[in-house]
Amino acid sequence: MPGPVVILENVDKIFGEGASDQVHALKEIDLRIEQNEFISLIGPSGCGKSTLLRVVGDLVQPTSGVAAINGKSARQARLDQDYGIVFQAATLYDWRTVAKNVQLPLELMQFSRSEKESRTQAMLELVELSDFAGHYPWQLSGGMQQRVAIARALSFEPSILLMDEPFGALDEMTRERLNLELLNIWRKTDTTVLFVTHSITEAVFLSTRVIVMSARPGRITADIAIDLPQPRNAETRSNVRFFELETTVREALRVSEAGEAPERKPA
Amino acid sequence: MSEPRQRFWAPAVILVVLVVLWESLVTAFNIQQFLLPKPSAIAGNLVRVAALDPSISGEGEDISLENRFFTVLPAELSPETQASLEEARWLAFNLGGRRFFVLPGSNLTPILAASWFTLKEALGGMAMGTVAGIAVAVATTRWTATREALLPFAIAANSMPIIAFAPIMNNWFGIDNPFSKMAIVTIMIFFPIMINTVRGLVSVDARSLELMRSYAASDSEILIKLRIPNALPSLFSGLKVAGALAMIGAIVGEYFGGPRIALGVFITQEAALFRFASAWAAILVACLLGIAIYLVILLAERLALPWHPTFRA
């Protein structure tokens, strides 16, 4: 049994430390994520969910505390290309076709030409966009663009998938369909997912665990295991347990927003 | 469907109206040709049309077309004149019982030679200025420290009065050396190229950069795969500005002296000799060349950026 994929110990992040307008984004974060978990981070806007995701991905350096990924430093994990990232905006490169966008990480990681092509093909099949390989991003709808971004993130089989409100800008129908697609992909691969969202429904539907955060300073106020049966499907949404868990998460969010955690400003 | 046609026809109609108005007003008010030559006199320097009309009877005398755009001649010409017309013509055709000859204009050869000379200066300067502008832009992006070091000089180069600079370049490289004009063009277009390229290289979406970092991409990989493609559209806007400046720079440089076959020199000399129609004709050709450079850049942009939003069908 391998150790946890992500270990955060006592992580603090202060932006603009020492300045009068410093922001205490993360405070005393302790988090362990095991292999193959699907973790959602939920909380009010500005609670530091995205910052936490970026600390794990080594895109933001913690002010203090330790981040260990796959038993390495976050930086080493990034250099070892352990991360696949999907943002709220698809962030495709306009000058590359769909296939070339998916290939971008493969090019950087010096995959062989045949490997690049077979993986791109497989990924586009996975997100059902094989017919659009030669299209440019602007020719696709928002939902299709986001599927390309997911294919790109998965193409090199990263051990951790970091998703920062990936479906936040999409309409409800598209979002629900992509939720199901994402779960399919997650089941087929060995990926561990860290997923930032605003939506309680989405968090409960997708996750094995939901982490609730409070705002300013961002801290973890609840850690709720989602014991819904796998595989999840359309029927999961009508499960009584689904509603109970939604209520639990909503309660936890309300408590955290009421500011039960005392705010301690560093001197 | 009709919109592109309209875009072409509207200016064309305005042009024709303006030219007709110009021609008739100059004739009606009997304006001296050194104040404002007739468009037909200007055109006559570049191209002439001669019509042989059988209804006019004339002796087979020696005739001259001078720089008139359109001349009617008697049909019966001396064999020598007939032969020289046939030899000089670009094309000849019959229409309404007349025989028409389209002939090169009175000053076409010197104007074309001068234009070709000046165009080479403009293009040479443009090539050097573009290469220098891109190189400095990439360097300042790749090594941020160089930006602070180089930017003041770039701004200084841009605020340099070109007119004052031209005689110095003539002195440095020699008045007849095309390189003296290329240097002027280079300095004129360096800044728009550099500043546009820098803007494109630097204004990269923050998420796109994070994405590259998450793949552990090196700075060079980020430059090649993200910054440079991202900079291409603004590089082309810089090139369009530069294209217009290049012809101007070369001609302005030649005003301060140059070989006799240069366009700027040709214009000054013709004006000094009160041959304003041919000066205007040379200006017209300079204008057309500027437009041609612009169109070539436009075409290159279309070929290089098939993905760009501007070209969305």
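Sort B:Met160, B:Met212, A:Met123, A:Met173 so that the residue with the fewest other Cβ atoms within 10 Å of its own Cβ comes first and the one with the most comes last.
Details: B:Met160 13, B:Met212 21, A:Met123 25, A:Met173 9.
Fewest to most other Cβ atoms nearby, the residues stand as A:Met173, B:Met160, B:Met212, A:Met123.
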For chain A, set up a GNM with springs between Cα atoms under 10 Å and report which of A:Gly134, A:Gly18, A:Gly46 has the largest fluctuation.
A:Gly18
In degrees rounded to 10, the 0-90 angle between helix B:162-173 Cα long axis and the longest Cα principal axis of chain B is 90 degrees
Expected max-MSF residue from B:Val265, B:Val252, B:Val131 in the GNM of chain B (alpha carbon, under 10 Å) is B:Val131
GNM top mover of B:Ile267, B:Ile184, B:Ile168 - chain B, alpha-carbon springs below 10 Å
B:Ile168
Cα to Cα, under 23 Å, and not fewer than 8 places away if on the same chain: which lysines meet these conditions relative to B:Lys120?
B:Lys181, B:Lys240
For B:Lys38, go through the aspartates and glutamates and keep the ones whose alpha-carbon is under 19 Å away, minus same-chain ones fewer than eight residues off.
B:Glu23, B:Glu66, B:Glu270
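What share of the DSSP beta bridges in the protein assembly as shown is antiparallel, in percent to the nearest 5?
Working: 31 of 55 bridges.
About 55 percent, rounded to the nearest 5.
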Give me the dipole magnitude in Debye, nearest 20, for segment A:1-148 about the Cα centre, with unit charges on the beta carbon: positive for Lys and Arg, negative for Asp and Glu.
240 debye
Which lysines have a Cα less than 20 Å from the Cα of A:Lys27, not counting those fewer than 8 places away in the same chain?
A:Lys13, A:Lys49, A:Lys265
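Any read-out appearing in this document is the output of simple, stated calculations on the displayed coordinates, not a laboratory observation. Bear in mind that the values here come from a model prediction, so they are computed numbers and not experimental data. As a convention, Cβ positions derive from the backbone with ideal geometry for all residues, glycine included, and neighbour counts pool all protein chains shown.
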